[in-house]
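The values are calculated or read from the model by the stated rules, or taken from the named source; none is laboratory data. Keep in mind the model is a prediction, meaning the values are calculated, not measured. Here Cβ is always computed from backbone atoms with ideal geometry, including for glycine, and neighbour counts include all displayed protein chains. Keep in mind that these areas ignore ligands, DNA and RNA; they rest on the heavy atoms of the full protein, side chains included. Shrake-Rupley method; radii C 1.70, N 1.55, O 1.52, S 1.80 Å.
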Amino acid sequence: MNIPLGLRAGLLSILVLALFLGAWHLATRGTGVTQQMSPEYAKLMGLTATQGKSAMPGPVDVGIKLWEHLKRPFYDNGPNDKGLGIQLGYSIARVGLGYLLAVLVAVPLGFLIGMSPLMSRALDPFIQVLKPISPLAWMPLALYTIKDSGLSAIFVIFICSLWPMLINTAFGVAAVRKEWLNVARTLEVGAFRRAYTVILPAAAPTILTGMRISIGIAWLVIVAAEMLVGGTGIGYFVWNEWNNLSIVNVIIAILLIGLVGMLLDQVLARLTRMVTFPE
Amino acid sequence: MMTEKFISIEGITKRFKTPGGTTTVFSDLWLSMQRGDFTCIIGHSGCGKTTVLNILAGLDTPSDGVVIVDNQAIEGPSLDRAVIFQSHALLPWRTVLGNVAYAVSSKWRNWDKAKVEAQAKKFIDLVGLTGAEHKRPAELSGGMKQRVGIARALSIEPKILLMDEPFSALDALTRGTLQDEVRRICLTTGQTVFMITHDVDEAIYLADRVVLMTNGPEAVMAEMVENPLPKDRKRIDFHRHPLYYGTRNHIIDFLVTRSKSFAEEMKTNGFDRRNVPLVRPSTALDPHASPSLAAE
Ligand SMILES: Nc1ncnc2c1ncn2[C@@H]1O[C@H](COP(=O)(O)OP(=O)(O)OP(=O)(O)O)[C@@H](O)[C@H]1O
Ligand SMILES: [Mg+2]
């Protein structure tokens with residue numbers, strides 16, 4: 001038995017997937033006509049009760065529907081019927097914008113907090129109070145002040161991505177090895193040059209770890225935020241399809257949310273590796 | 001010019017606040033060094049050697065007293081005083097060339113890239129690392145990292161080189177080679193060096209003077225031992241010199257017994273802090289009298 005671990009793990013993954021799909025298929029298989037009832041009543045009850053068809057779609061239903069979506073991801077038939085690619089695009093754009101704003105605020109502010117014990121002490125109580133607030137709790141306030149649902153969603157993403165980046169940047173900057181700072185000091189390197197030639201590269205892995213946590217949270221939050229604000233986006237899509245009772249589409253959306261989330265995480269993981277140098 | 005005080009430590013004291021009050025690591029230390037001198041300082045762990053070196057580097061400030069270098073009081077770190085750190089302190093995200101070039105470009109800020117790299121390469125070559133310029137510190141052995149640290153310190157052509165146990169983490173063979181290289185470089189450039197070591201043989205091989213420091217707290221610099229060995233000593237046979245064992249035994253005797261009892265000795269022999277006695281071991285002692293001991 002000299003099969004490499006990676007291959008064995010891959011085979012096992014496929015087996016788990018097959019088992020899951022099999023169990024899913026069996027559990028949602030129709031059971032045939034179960035009950036005799038008056039046609040009027042049957043009409044009212046729908047196919048579930050009359051023909052024993054499961055209310056849950058099976059993997060085959062989902063597969064067929066997914067293929068339809070994949071064939072034309074970018075169609076646009078008005079506000080309630082857009083391709084999945086467009087919906088995901090909206091969500092990613094909102095996350096990207098809110099997240100970018102958060103980076104622009106968190107990294108410089110984190111630097112300030114990390115480099116100045118005074119600022120660190122002074123701002124700590126605010127951070128401690130603001131950090132545990134659910135980003136969605138800001139939503140009404142955002143809607144009231146910004147008066148635009150799309151911008152409010154971006155604001156919520158901004159708020160929720162801010163804290164992990166801010167805290168990690170401050171920590172990374174404060175924890176830069178003293179001997180590296182001493183190298184810069186003995187070379188009479190000025191404060192600005194020291195910040196970007198020593199502190200930034202030294203703190204980069206910690207900062208990027210914070211950014212990775214943030215992107216994960218932002219992607220979790222965007223779905224909920226879009227359910228609230230409506231209009232566009234994958235979160236809105238899920239809610240809309242639930243209202244249409246299209247469980248197939250809900251399942252497809254769940255799958256895609258997971259895949260995109262994984263992709264975002266992988267991008268940040270790769271960036272983190274690029275700035276991490278072993279000593 | 002021989003009596004010119006290039007470095008003059010004038011009455012420095014260092015106190016640290018501790019939970020139980022303040023500890024005085026050392027107080028009222030006086031010491032002077034001449035240009036081109038290679039001075040080693042030896043003393044037991046915790047007596048305050050690194051603290052003295054950091055004050056000389058300008059990385060730490062004394063609680064009292066001043067250090068004057070080249071007629072100017074030290075007010076902070078300076079490119080005139082390069083430090084070779086015990087833990088090499090290379091920047092792991094920069095290559096060998098990048099680490100040395102960082103120092104070069106810090107010293108000569110208006111130099112263009114080609115000039116900076118040429119200077120850096122010159123010193124990388126000097127420590128025998130040509131060919132490894134584009135490696136990162138993680139890809140280097142301990143000895144190679146220490147060489148990069150040496151190249152970085154020398155590349156800025158400092159007036160003074162400060163070294164904190166630069167070779168203590170290395171194996172004996174590498175240590176020997178690096179000692180040879182440092183000695184060769186310092187002799188040819190007439191570098192003024194202040195070095196901390198725990199290795200008595202290293203001190204005798206490299207130093208012109210060995211400063212002996214008593215145990216802390218309240219450590220004092222008890223003696224300066226003038227190295228009686230000829231300047232052209234070689235590492236393979238300097239320990240066969242007739243004055244070698246006398247010198248070595250004097251230092252080891254200090255470390256083993258006098259470093260603890262010196263406080264008593266001070267009271268009776270009229271020890272003058274401002275004029276640390278200069279001792280020149282002259283008699284060849286019995287080579288078998290002392291076990292081969294290295295200071296802790
Ligand atoms: N920041 C500090 N706060 C309190 N005490 C300190 C501090 N730094 C150093 N000390 C104390 O000062 C004394 C001298 O420290 P120093 O590092 O100079 O010793 P050393 O002679 O270099 O020792 P070693 O040979 O082990 O490197 C030690 O007893 C140490 O406990
Ligand atoms: Mg030390």
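Numbers at a glance
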{"item": "Cα-projected label distance for A:Leu259 with A:Thr145, points at 7 Å along beta-carbon direction, nm", "result": "3.8 nm"}
{"item": "Charge dipole of the stretch B:1-108 about the Cα centre (unit charges at C-beta), most positive-ward option of B:Gly46, B:Ser78, B:Tyr102", "result": "B:Tyr102"}
{"item": "Highest-MSF residue in chain A out of A:Ser161, A:Ser54, A:Ser214 [GNM, Cα springs under 10 Å]", "result": "A:Ser54"}
{"item": "Computed FRET value (nearest 0.05) for A:Leu271 with A:Leu100, which takes r as the C-beta separation and R₀ as 22 Å", "result": "0.95"}
{"item": "Cα-based helix-to-principal-axis angle, B:244-253 vs chain B, degrees rounded to 10", "result": "70 degrees"}
{"item": "D_trans [Stokes-Einstein, Kirkwood Rh over alpha-carbon pairs] for the stretch B:181-259, 37 °C, 0.692 mPa s, µm² s⁻¹", "result": "244 µm²/s"}
{"item": "Cα-centre dipole for chain B with unit charges at Cβ (Lys and Arg positive, Asp and Glu negative), debye to 20", "result": "720 debye"}
{"item": "Rough spin-label spacing in nm, given labels placed 7 Å along Cα→Cβ, for B:Ser282 and A:Phe74", "result": "9.6 nm"}
{"item": "Percent of beta bridges antiparallel (DSSP, the protein assembly as shown, rounded to nearest 5)", "result": "55 percent"}
{"item": "Nearest 10 degrees, 0 to 90: helix B:96-107 Cα axis against chain B principal axis", "result": "80 degrees"}
{"item": "Extreme residue, positive dipole direction of the protein assembly as shown, given options B:Val210, B:His88, B:Ile68 (C-beta unit charges)", "result": "B:His88"}
{"item": "Cα lying deepest toward the dipole's positive end in the stretch A:84-275, options A:Leu268, A:Pro140, A:Leu200, charges on Cβ", "result": "A:Leu200"}
{"item": "Only Lys, Arg (+1) and Asp, Glu (-1) charged, at Cβ; the protein assembly as shown dipole about Cα centre in debye", "result": "1000 debye"}
{"item": "Rg to Rh, two decimals, where the stretch A:84-275 supplies the alpha carbon set and Rh follows Kirkwood", "result": "1.07"}
{"item": "Extension gain (nm, one decimal) between B:Lys113 and B:Lys231, 0.36 nm per residue minus Cα-Cα", "result": "38.6 nm"}
{"item": "Complex-versus-alone comparison for the stretch B:70-84, residues with a loss of 30 Å² or more in accessible area, probe 1.4 Å", "result": "B:Pro77, B:Leu79"}
{"item": "Cα Rg, Dmax (largest Cα-Cα span) when computed across the protein assembly as shown, Å", "result": "35.5, 124"}
{"item": "Computed lengthening from A:Ala191 to A:Ser13, 0.36 nm per intervening residue step minus Cα-Cα distance", "result": "58.9 nm"}
{"item": "Top of A:Lys178, A:Lys131, A:Lys65 by mean-square fluctuation, Gaussian network on chain A, Cα under 10 Å", "result": "A:Lys178"}
{"item": "C-alpha long axis of helix B:142-155 to longest principal axis of chain B, angle in °", "result": "80 degrees"}
{"item": "Coarse-grained scattering of the stretch B:72-225 at q = 0.13 Å⁻¹, given as base-10 log I(q)/I(0) from a Debye sum over alpha-carbon atoms", "result": "-0.62"}
{"item": "Scattering curve values for chain B, log₁₀ I(q)/I(0), Debye with Cα scatterers, q = 0.11 Å⁻¹", "result": "-0.68"}
{"item": "Span-rule helices in chain A, defined as complete DSSP H runs reaching 27 Å or more along the axis (Cα) with Kyte mean at least 1.0", "result": "A:5-28, A:84-115, A:149-174, A:200-229, A:247-275"}
{"item": "Surface share of carbon and sulfur [accessible, 1.4 angstrom probe, percent] for the protein assembly as shown", "result": "62 percent"}
